[in-house]
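Asker: Here's a structure for you.
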Amino acid sequence: MNLERNQRIAAFRKVSGYLLWFSMPLLIVTCLGGLIGIIGLLSVQTGNVDIHQSMLKVMDDPTNFTEFVKPGLTTASKIFFTFALLALTVPLFYILLHLQKLIQCFHDGDIFNARALFHARAAYKINLYLGIAWIVASFGVLIYCFQFADGNLDRTLNWLWNTIVFFIELGFLSLILWALEIGTDLNEEAELTI
């Protein structure tokens, strides 16, 4: 039994090591992507594409946003989207940072302990707050679109789909966090017993 457990721990550490190699470039790409996005937004020529038109475009086709803003954004639009991108990038960076530290704990063999649990909880909470903020903001933009533009069913279905996917993801992450909490409690009880 001990040999099998040691083999599993060795495999767990090996996979965690691979994930560590992946997580660092992901952190760097997130920081650089946010920075490049902000610089790109601020360097877009000033034009007449206002916040109203920009929000409709983001709701309809966010992948083609760069083509849409080529004629130029108003100063208010630039400031709005800069803060929106910053509000998305900073929490995403902290989620990835805590996940990297959690993976580092796993790589060190500290699977069910307080330090690993702290990083898991922190990443979970930030993800929860970011997801809820995204859903609420998207719903606000959706209501805005219905008031000041045509009532597009695709926008509503897209928002509904993203909301359902977020809650399914939240359910899986909650189960993983609870398993980590239970494992940490059992590990602490076993250490007290010994």
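Asker: Let me spell it out: the conditions are (1) loosely packed, with under 15 Cβ neighbours inside 10 Å; (2) at pLDDT 85 or above, and ASP150 meets all of them except one. Which number is the exception?
Answerer: Every condition holds for ASP150 apart from (2).
Asker: Here's a follow-up. All but one of (1) farther than 27 Å from LEU32 by Cα; (2) under 16 Å from the mean Cα position of the chain (by Cα) hold for ALA190; which doesn't?
Answerer: Every listed condition holds for ALA190 apart from (2).
Asker: Could you list all residues from the range 12-27 that are among the hydroxyl-bearing types (Ser, Thr, Tyr) and open to solvent by 70 Å² or more (accessible area, probe 1.4 Å)? Working first, answer last.
Answerer: Just the residues of the range 12-27 that are among the hydroxyl-bearing types (Ser, Thr, Tyr), to begin with: 16, 18, 23.
TYR18, the sole residue that qualifies.
Residues are listed down the side, and each one gets a yes or a no for (1) open to solvent by less than 100 Å² (accessible area, probe 1.4 Å); (2) closer than 19 Å to ILE132 by Cβ:
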{"position": "ARG155", "(1), (2)": "yes, no"}
{"position": "TRP159", "(1), (2)": "yes, yes"}
{"position": "PHE167", "(1), (2)": "no, yes"}
{"position": "LEU170", "(1), (2)": "yes, yes"}
{"position": "LEU177", "(1), (2)": "yes, yes"}
{"position": "GLU181", "(1), (2)": "yes, no"}
{"position": "ALA190", "(1), (2)": "yes, no"}
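The values are calculated or read from the model by the stated rules, or taken from the named source; none is laboratory data. Not measured: the values here are computed from a predicted model. So basically every Cβ, Gly included, is an ideal-geometry build from the backbone, and we count neighbours across all protein chains shown. Ligands, DNA and RNA are excluded from the accessible area calculation, which covers all protein heavy atoms including side chains. Shrake-Rupley method; radii C 1.70, N 1.55, O 1.52, S 1.80 Å.
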